[in-house]
Structures are given as C-alpha cells and as structure tokens.
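Shown next, in structure tokens, is the structure this report addresses.
Please treat every number below as a calculation from the coordinates, not as lab data. Just so you know, these numbers come straight off a predicted model, no measurement behind them. Neighbour counts are summed over all protein chains in view; Cβ atoms, including those assigned to glycine, are modelled from backbone coordinates with ideal geometry.
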Amino acid sequence: MKLLSKGQAVGRIDDKIGIITIANKTSRNALSIKILSDITRLLNEFQNNNVTVVIIKAESAGKVWSAGHDINELPLDKDPLSYFDPLEETLRTIQCFPGPVIAMIDGTVWGGACDLAITCDILIGTPNCSFAITPVKLGLPYNATGILHFINRVGINVAKEMFFTANPIDANRALNVGILNHIVPDDKLLSFTWEMANSITKHSKLSIAVIKEQFRILSNAYTISPEAFEMIQGMRRKVYFSKDYIEGITAFKEKRQPNFTGV
C-alpha cells in the first residue's frame with residue numbers, strides 16, 4: 001500500500017486501485033478549491049503510477065457525503081463556473097482518467113458534488129444516500145457542460161426536474177433513473193465496491209482506457225454553432241451579474257430564505 005501526500009483529500013494506492021477520501025467533515029466535505037485541487041492532483045498521480053481503477057469516497061459518517069461547492073469561495077464579480085473553475089478542471093480530469101472512477105456514496109450529495117458524483121463512471125451507494133443539484137436556490141447560472149452531464153446520465157426529463165425543483169432524489173429513485181448502479185447495505189458498501197474495483201483490475205487496462213475514451217467522445221458529440229455558444233454565455237452572464245445571484249449567496253450565508261426579484 002502506498003500513501004500519497006495528505007490534504008483535505010487523502011490518497012492511497014493499494015495494488016492497482018487508487019482511493020481518494022474527501023476528508024473535511026468540519027465543512028461537511030464542501031468542495032473547496034483546496035479539496036478540488038487535491039483530487040485533481042491525486043488523479044494525475046494515480047495515472048503516473050499506472051493505477052487501473054479509482055474509488056472516490058468521503059468521510060460522511062452516513063450523513064453528508066459532500067455539501068457541494070464551498071459557497072464562501074464562489075465569486076460575485078465573474079463567471080462562477082467558467083472553464084477554468086477548479087470544479088470543472090476536476091470533472092475533466094475524472095472524465096479523462098484512463099480507467100473507471102467509482103464514486104462510493106454514503107450520505108447526501110449536494111450541488112457541485114452531485115455533478116462530481118454523476119461524472120464518475122460508476123456510482124455505488126447505500127439506502128440513505130440522496131442527490132440534489134441546487135443552483136436555482138442560489139440564483140446561480142449553471143454551465144452547459146454541467147447540464148449535459150445530467151442529461152447524459154438521467155435523460156432530459158429527470159434532469160429538468162432536478163434542476164428546476166432542486167429537490168433531493170433518494171437512493172431508490174436514483175437507482176431507477178440511472179444515477180446509481182447499485183444500492184448496497186451500509187456494512188457492505190466498502191467490500192462490494194472493492195470487489196468490483198478489484199475485478200476490473202484483472203481485465204485489459206488498455207482496452208478499458210480506449211473504451212472509456214470512446215464513451216467520453218460519444219457522450220459529448222453534440223454540435224453547437226458559435227452563435228448558440230455566445231448566446232448561452234450571454235444568458236449566463238446576465239444571471240451571474242444579477243441582483244438575484246448576490247441575494248442567493250448572501251441569503252445562504254445568512255441562513256435565511258432568499259428574496260429573488262428576477263433582476
């Protein structure tokens with residue numbers, strides 16, 4: 001077993017399996033810039049160490065797997081989810097890692113962490129896990145790539161419901177709509193996930209890498225004109241420069257209901 005440098009995300013390698021543990025329970029494992037940079041760095045280190053499969057888990061204690069984006073780090077004067085945002089960089093690193101990335105979920109998954117989880121290749125969860133994507137609660141303009149992640153995973157109808165209502169989807173429904181691959185009892189979660197990861201390591205690493213890359217390319221095979229792209233960016237800019245966005249972030253920090261006015 002090889003233990004990599006410690007941070008708010010801790011990494012270790014056991015044979016051909018890499019394990020990343022999000023470890024910042026004091027902030028409910030919120031995805032801070034530090035945690036996201038740790039995850040990205042660890043994935044790159046795993047690739048350099050010829051890791052075949054990665055497991056991402058969290059010190060959730062069965063309550064909160066991750067509270068999502070660290071709200072205190074969301075900017076108010078620029079695009080909060082630009083191409084160079086640390087979350088976007090981590091998601092691309094997961095997608096481009098040349099092997100399956102398995103999310104081991106125990107607890108609630110919120111906001112940007114929901115995007116991180118569904119971007120993983122396989123999700124295994126316990127009966128108490130749930131998933132919610134919540135930008136409308138903050139007046140935040142989610143980006144097109146993030147929306148596409150959800151469309152690819154659950155289809156456009158469920159994706160619309162998740163984004164428009166911001167309501168959590170429980171484990172059973174998450175299994176039915178395709179977010180979860182398996183629901184397993186709490187005490188079997190680690191052994192079940194480990195057994196699956198270990199079985200994958202016995203197959204052709206090259207074949208798996210090529211097949212995963214084909215999945216990535218094909219799932220992103222949507223054409224969009226420059227005009228449509230500029231229109232999307234313009235619409236999003238209207239939101240993140242709005243009073244509603246400032247009100248959403250302020251209300252969250254003040255732990256009160258936001259008063260959105262539509263401007």
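Here are some notes:
- Cβ-placed point charges (K, R +1; D, E -1), dipole of the stretch 2-201 about Cα centre in debye, nearest 20: 120
- Cα pair count fraction exceeding 23 Å, expressed as % - the stretch 162-263: 63
- With neighbour counts taken as other beta-carbon atoms within 10 Å, the residues C114, C120 rank, fewest first, as C120, C114.
- Charge-dipole axis of the chain as Lys and Arg at +1 and Asp and Glu at -1 on Cβ define it, positive-most pick from T40, P226, N128: N128
- Whole-angstrom gap from the stretch 123-158 to the stretch 74-113, using each part's C-alpha centre: 12
- The stretch 203-254: chymotrypsin sites (Phe, Trp or Tyr not before Pro) in DSSP coil with no more than 15 other Cβ atoms inside 10 Å: Y222, F241
- Ordered by the count of other Cβ atoms within 10 Å of each Cβ, fewest first, R92, R153 give R92, R153.
- The order of L218, L87, L81, L175, going from fewest to most other C-beta atoms within 10 Å of their C-beta, is L218, L175, L81, L87.
- The alpha carbons of the stretch 219-263 occupy a box of 41, 24, 12 Å along the principal axes, longest dimension given first.
- Added length on full extension, which subtracts the Cα-Cα distance from 0.36 nm per residue, A221 to F241: 4.1 nm
- When each of the peptides 181-190, 138-147 is scored by how many other beta carbons lie within 10 Å of its residues on average, the order from highest to lowest is 138-147, 181-190.
- Cross-link table K57/K137; K78/K253; K188/K212; K63/K202, entries beyond 23 Å C-alpha to C-alpha: K57/K137; K188/K212; K63/K202
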